[in-house]
Each structure stands twice: as C-alpha cells, then as structure tokens.
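Working notes for the structure below.
The values are calculated or read from the model by the stated rules, or taken from the named source; none is laboratory data. None of these values were measured; they are calculated from a predicted model. Cβ: placed from backbone, ideal geometry, glycine included. Neighbour counts: every protein chain shown. Each accessible area value is taken on the protein alone, full model and side chains, heavy atoms only, with ligands, DNA and RNA left out. Shrake-Rupley method; radii C 1.70, N 1.55, O 1.52, S 1.80 Å.
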Amino acid sequence: MSTPAEPPVTAIILAAGQGTRMKSARPKVLHELCGRPMIHHVVDAARAAGAGEVVVVVGHGREEVEAYLARAFDGQVRTAVQDVQQGTGHAVRCALPALSPHADRVFVLYGDTPLLDPAELARLPRELDLHPGARMAMLTTRVPDPAGYGRIVRDGDGRVVRIVEHRDATPAERAIDEINPGVYLARADALRAAVAALRPNNAQGELYLTDVVEALAREGVVPTVLVKDMVSVSGINDRAQLAAAEDVLYARLADALRREGATIRAGARVDAGVVVEADAVIEHGVVLRGATRVGKGARIDVGSVLTDVTVAAGAVVKPYTVAQGASIGELAQIGPFSHLRPESRVEAEAHIGNFVETKKTIVRRGAKANHLAYLGDGDVGEGANIGAGTIFCNYDGFKKHRTDIGAGAFIGSDTQIVAPVRIGAGAYVATGTTVTKDVPEGALAISRVRQENKEGYVERLKARLRAGGKSAK
Ligand code: UD1
Ligand code: CA
C-alpha cells in the first residue's frame, strides 16, 4: 500500500470489449472464477498493489458491468464509457477524463487478466522511480507459444523500442518469445499526451495502447520487469482458458489457507473471500461460497455445499449437507444430508440430522432435530427435542406462520404443528399429534385415535376374502 506521503497511484482497467471468443450473452469480464467475475480479481489486484482510485472502462454489456461494480465495491470503483470499441488506446483515452487531476502514476491493466499477482504489480512503481527519465514501466514475460500476444521489440542495447501486435508482425518479429502481458505503469501527464497523439496505423484500424509504449520509449527508457511465472499474466479469451485459470486460482486460494493452518483436501473448492481458520478441515468435494466463514477446528465433511454460512469453532458438518445464509454454532452437529435454508440459526451444541430442513428458524443451544423434519419460521428452545417426522406446517397458502417451542420441550415423532402455535417450556407432545392450539408449559398434548385390537380378526377376514365376499366388519 502507498503511504500518505507518496503521490497517489491510480489504475485504469480496460473492460469494454465484447469477448467474442467466450460465445456468451454475458460480457467477458463478468465471467466468474472462484465465485467472482474476472473484473473483480483485477480490481482487487490493482488495489492490493496500492491503487487508491480505480477507473474501469466499460462498453459492451455496460449496464451489467456497472451494476456489478457498484454492488461489489460499494461505489468505490468508478467507470468511464467507451461507446464504440476502437481499440485499447482509445479505451484509455475514454478513461483519462474520469481520472482525478492529482493522479501521478497510473496503472493500465486489462480486465481479462484475473490472475495478476499484486506483488508483481507493486514492483512497477519502484522500477519507475529507479529510472528518473522514464515515463512508463511495464511487465513482460516469456512464453513457449507467443501467438496472439504483442511482441516486445528491443534495440541492440536491449532497450524496449516498441510492441508489435501478432497480426502486424513480420515473421522475424513473430519469432520473439518475449511478450506484452498488458501491465503498465505510466506517469499521468506523459500518458495523457501520448494517448491524445495516437493514430490508427495497424491491420485493425484501431488505436493501440501498445503504440503509447513506442511513443514513451522515444522520450525515455521504458524499464521492464520480467515475470517468471507467465500464468499470473495470462489473458482469458475463451472458456477453456477461463477453466484453466480457475484451477490455478483455486489452488492458490487453498494454498494460502493451508499456510494459515487450515486443512484443505484436494478436490475441495473454496471460493475467493471465504475464510477458513486454523485447524479447520475441509474435505474432498466440499464447495464453500460467498461470505462463508469456517471457525477454528470445525470440520466440513465430504460433498457439503455452503453458501454465505458461518460455522463456529469445533462444529461438525457431516457429508452432503447443503446450507445457505445460515449460521452454525460452536460444537453443533449438522448432517449428513441436512438442508439449512436462509436465516437458519443453529446455536451451540445443537444437532440437526439427516433429512432435516430448516428455514428462518432458530434452533437454540443443545436442541436436537435428528431425523426427517421440516422446521420453518420457528424458534426451538434450548435443549428441546424434535422427534422424527415432525413438520412445522407454516404455510396456509397465503401467509407464513410461526412456531415457538419452549426450552426443554419434547415433540414426539410424526407430529404436525399447525402454526401459529406456541408450545410451552418442558411440554410434551405425544407421537402422532396434530397440534392446532397452544400447549401450556409442562402440559402433555395428545390428539390421536385410541388404539383398538380386534382379536383373531385377520383369520376371519382372509376366510371371507377367499370366499369372494366383501371385506368385513
Ligand atoms: C492485448 C495487447 C497485446 C497483449 C495482450 C495481452 C493491445 C493493442 N494489444 O491484445 O499486446 O499481448 O493484450 O493479453 O493492447 N478493450 C477495451 N476497448 C477496446 C478494446 C479492448 O476496453 O476497444 C479491453 C478488452 O475488454 C480487454 C482488454 O482491453 O479486457 C484487452 O483487449 P483484447 O482485445 O483482449 O486485446 P488482445 O488482442 O488480447
Ligand atoms: Ca486479451
């Protein structure tokens, strides 16, 4: 991060292109890796490298991209519009008026390079400062197959002269394996002047940002930083590249959590932004998304999918649990095969077992619903026990109604609770009861037909059926 004493570093990110090769109705930069659109990762990298102000150039799918940025960055990221995509240089020209007049040094990045490493970006301000006459510094990298990339053309002294695009390059230039990953840092005034002077003089009739490099290389040296791992600067143009980049990012995110003490088994997918604390175990095939947090020593077992879920320390989520917008308390046990829907709050040491679904329900400390139940719009008191097959009948076709169950209450199996209903603390509800009115504290509620045994009935029935008669009384 830049200290307040340094002149501000800003960033322009180009994201107006269509991304034809994605073959998608969705703008390219909104395609996701690890739960976040490409553009989000690029903005994060720019900020992590010290950019205070970020301007994203939008065009194709403008409304969608703007809406996403406003939501994701809380209005902190600005946008500039490029109505017609006339090239990367033209895109920067569109962004410059949106930049604060105090901008001193400007990163220029492409919105389709989501694996950027902030540490590498942060090398550019240092490089620029080391070369007093320099107007611009940039990253370069060497690739085995440079096709499609702009090539770095150097003079006899090894100084950057210009960048030639693949389609404009001669066979000799095409043989150059040092390429332009599209990561630049320029002095704002020099960038403004060079971008204003751009002319379309290439195969595509576009304004190339790369021509700015040539112009600034005439005014002073353009120092470069060679990136060893080309993966971090690879551009995404199609879905195959997107999938490959996503694998790289998942591996990076998992490794970062492992270094902080979490166990992330191979085959788990932990999205960007998810927090996993030390000694937590994330098993194979688990998917953790959104604002999910897993506390110390908690265990998320095979195949569980958690979206925006908080799991407190020591809780155990058994295999194949699906949860969204829920919280799970310390040492609670969930699953296998549980479904926690939004606004479910399972408190400490509570148990939710197989084929139990909860929605907008608090299950208080130590309460248990171990098998086959639906708990919707309810509040289950401390230590209460919900028997197998219990249903909170919360919906009458028009409105949802609440079920409140007091501490220590015992709900027998196969109970239907027709909400709105309150069941007092310590009350018992007998198995098979349909509860339609409140149950006082300490009372027993029972509603079922008394059992009757008809001795010897089966033999008499069978005899009649064999004789072809009607079934009998
Ligand atoms: C560009 C570079 C090339 C470099 C490569 C690295 C130029 C001329 N070429 O080529 O040297 O090796 O990236 O990946 O800069 N965009 C706009 N407006 C436009 C055109 C593009 O905003 O008018 C945006 C796109 O949305 C994209 C980025 O700029 O995010 C790069 O554009 P793209 O068409 O992918 O450039 P490349 O051909 O890959
Ligand atoms: Ca590209």
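A few remarks follow.
- Take each peptide in 155-161, 388-394, 222-228, count the other Cβ atoms within 10 Å of every residue, and average; sorted highest first, the result is 388-394, 222-228, 155-161.
- Overall dimensions of the range 143-236 as given by Cα atoms, namely Rg and Dmax in Å: 13.2, 36
- Note: the chain, Cα convex hull, 229 Å³ per residue.
- Estimated dipole of the range 106-258 in Debye, rounded to 20 [Cβ of Lys and Arg +1, of Asp and Glu -1, Cα centre]: 280
- Extreme residue, positive dipole direction of the range 175-318, given options VAL270, LEU226, ALA245 (C-beta unit charges): VAL270
- Fraction of accessible area attributable to carbon and sulfur, the chain (%, probe 1.4 Å): 51
- Positive-end residue of VAL302, ASN370, ILE163, charge dipole of the chain with Cβ unit charges: ASN370
- The chain - percent relative contact order, Cα under 8 Å, separation 6 or more: 8
- Note: the range 63-112, Cα convex hull, 100 Å³ per residue.
- The heavy atoms of ARG62 present about 90 square angstrom of accessible area, all protein chains included, probe 1.4 Å.
- Phi-derived couplings, Karplus 6.51 cos²θ - 1.76 cosθ + 1.60 at θ = phi - 60°, listed residue by residue for the range 42-58: 5, 4, 4, 5, 4, 5, 5, 8, x, 6, x, 9, 10, 10, 9, 8, 10 Hz, with x used for Gly and Pro.
- Applying 0.36 nm per residue to the separation of GLU452 and GLN241 and subtracting their alpha-carbon distance, the gain on full extension is 68.9 nm.
- Nearest-0.05 FRET efficiency for ALA196 and ARG126, computed from C-beta distance (R0 35 Å): 0.80
- Label-point gap, in nm, between THR436 and ASP414 - each point 7 angstrom along Cα→Cβ: 1.9
- The slack between ASP157 and SER100, meaning 0.36 nm per residue of separation minus the straight C-alpha distance, is 16.8 nm.
- Note on HIS166 and HIS284: the extension gain reaches 38.2 nm, defined as 0.36 nm multiplied by sequence separation minus the Cα-Cα distance.
- Per DSSP, loop trypsin sites (Lys or Arg not before Pro) in the range 370-455 with at most 16 further Cβ within 10 Å: LYS399, ARG402, LYS437, ARG448, ARG450, LYS454
- Solvent exposure, largest accessible area first (probe 1.4 Å, DNA, RNA and ligands not counted), of GLU246, GLU459: GLU459, GLU246
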